[in-house]
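The block underneath contains the structure these notes are about, expressed in structure tokens.
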Amino acid sequence: MNTHILPQPFEYVEPQTIDEALQYLSEHKEKVKIIAGGTDLLVQMKIGKVSPPCLLSLSKISALRYVIEESGLRMGPLTTFRELQMTPSISKRYTALFEATKAVSTAQIQTMGTLGGNLCNGSPAADSAPPLLVFRGKVKLMDAREERILSLEEFFIGPGKTALKAGEMLTEIELEEVNERTGSAFKKLGRVSADLSKVSIAVAIVRKDDLCKECRIAVGAVAPVPMRARKSESILIGKKIERSLIEKVSHQVSQEISPIDDIRSTAWYRREVVKAMARETIQLAWERAAS
Ligand SMILES: Cc1cc2nc3c(=O)[nH]c(=O)nc-3n(C[C@H](O)[C@H](O)[C@H](O)COP(=O)(O)OP(=O)(O)OC[C@H]3O[C@@H](n4cnc5c(N)ncnc54)[C@H](O)[C@@H]3O)c2cc1C
């Protein structure tokens, strides 16, 4: 039950730098929860799902809030969906990511919710995950002693589970460079527009004349983690894109996923609807690659 109050006392700290934050994390390890926008964490605290003795807020660490275009894209985890939307390089070149940020709930959630929080919450339905997967996203994780870089596919482990260890923090999200022959698109189906997805999908295609040179397809809310549909991708690579081929790939996407029945949808519905969503998203990404 959402009681609107936080039932437990906790220590609250607001470090100013990444080093201070990492030091605090190394001293308190499992006892501490990081809070960014709080749109996932505060709900979980209110319903008693988690009750951390210490909260470490990232809100004062300006070094975690940025978007830099430099042989690809580097984004600080504290960057909000709204800030991503306002970044011209994202709306122009990383279209699937731009569309995903617009699909997140309402203006309030887009203004408070951060990219890092969306990933670290580990939801299979996280809207930013499919587009980041098709742009071959990587995450930089740091603790007080070292840093490591993982692909997003390695980062997601299971529902609500990521590769983050106690004492670690996500400090950067990196995307590969896209060229002008790349087209991408994102689609989401929710119960209502402000809800988490029943199914989401992102596609990125690199076109060479009439051929599909590269293709990446990623889906959300249809498996324990957001995932690439690699068998489906392989059907398109090197081929001329035609209606019958898109039909074949869309069917393959529905075979590659492992959806479940839950409060938002049934496994059967998810498998059916992903075919139509794949068809539309592939077509759109292909058309955009041409322009
Ligand atoms: C009404 C409502 C509607 C929503 N609709 C959507 C939707 O349509 N699509 C969608 O994808 N999500 C949705 N969400 C979920 C949520 O808004 C997003 O997941 C958001 O991006 C979370 O970001 P945050 O900054 O608020 O995370 P927080 O709540 O601050 O943190 C989330 C988790 O990530 C951890 N964390 C945060 N930053 C870091 C970091 N840098 N390093 C390590 N761990 C970190 C926290 O410890 C916590 O476990 C919705 C939530 C609400 C309340």
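Values quoted throughout were computed directly from the atomic coordinates according to the rules given, and no laboratory measurement underlies them. Owing to the predicted nature of the structure, the values given are computational and were not obtained by experimental measurement. Positions of Cβ are backbone-derived with ideal geometry, glycine not excepted, and every protein chain shown enters the neighbour counts.
Calculate log10 I(q)/I(0) of segment 96-208 for q = 0.13, 0.19, 0.22, 0.23 Å⁻¹, where I(q) comes from the Debye formula with a single equal point scatterer on each Cα and nothing for solvent. Result of the Debye calculation: -0.52, -1.03, -1.26, -1.32. With θ taken as phi - 60° and the Karplus curve 6.51 cos²θ - 1.76 cosθ + 1.60 applied, the whole-hertz 3J(HN,Hα) list for segment 103-119 is 7, 6, 5, 10, 4, 4, 5, 5, 7, 8, x, 10, 5, x, x, 4, 6 Hz, x standing for glycine and proline.
Each residue of segment 195-201 was assigned a 3J(HN,Hα) from its phi angle through the Karplus curve 6.51 cos²θ - 1.76 cosθ + 1.60 (θ = phi - 60°); the sequence is 9, 5, 6, 7, 8, 9, 8 Hz, with glycine and proline shown as x. One compactness figure for segment 141-291 is 1.14, namely its Cα radius of gyration divided by 2.2 N^0.38 Å. Charge tally around E14: other residues with Cβ under 13 Å, Lys/Arg +1 each, Asp/Glu -1 each, net -1.
In terms of its alpha-carbon gyration tensor, segment 1-95 comes out oblate; a/c meets the 1.5 threshold, while b/c is at least as large as a/b. As a calculated quantity, the FRET efficiency between D19 and L245 at R0 = 41 Å, using C-beta atoms, amounts to about 0.20. Build a GNM of the chain with springs between Cα atoms under 10 Å apart, and of G116, G220, G160 the one that fluctuates most is G160.
As an exercise, identify the GluC sites (Glu not before Pro) in segment 27-124 lying in DSSP coil whose Cβ has no more than 13 other Cβ atoms within 10 Å.
E70
Rounded to the nearest 0.05, what FRET efficiency is calculated for A290 and S51 with R0 set to 35 Å and r the Cβ-Cβ distance?
Numbers: r = 53 Å, r/R0 = 1.50.
The value I calculate is 0.10.
Among S105, S244, S59, the residue with the largest mean-square fluctuation in a Gaussian network model of the chain, with springs joining Cα atoms closer than 10 Å, is S244.
The string of couplings for segment 77-84 from the Karplus curve (6.51, -1.76, 1.60, θ = phi - 60°) is x, 7, 5, 8, 4, 4, 5, 5 Hz, one whole number per residue in order, with x for Gly and Pro. Summary value for the chain: 16 percent relative contact order, contacts being C-alpha pairs under 8 angstrom separated by 6+ residues.
Determine, from the Cβ-Cβ distance of I260 and K102 and an R0 of 22 Å, the FRET efficiency 1/(1 + (r/R0)^6), rounded to the nearest 0.05.
Step by step, r from the Cβ atoms, then E = 0.25.
Computed from Cα atoms, the angle from the helix 243-256 axis to the main principal axis of the chain rounds to 40 degrees.
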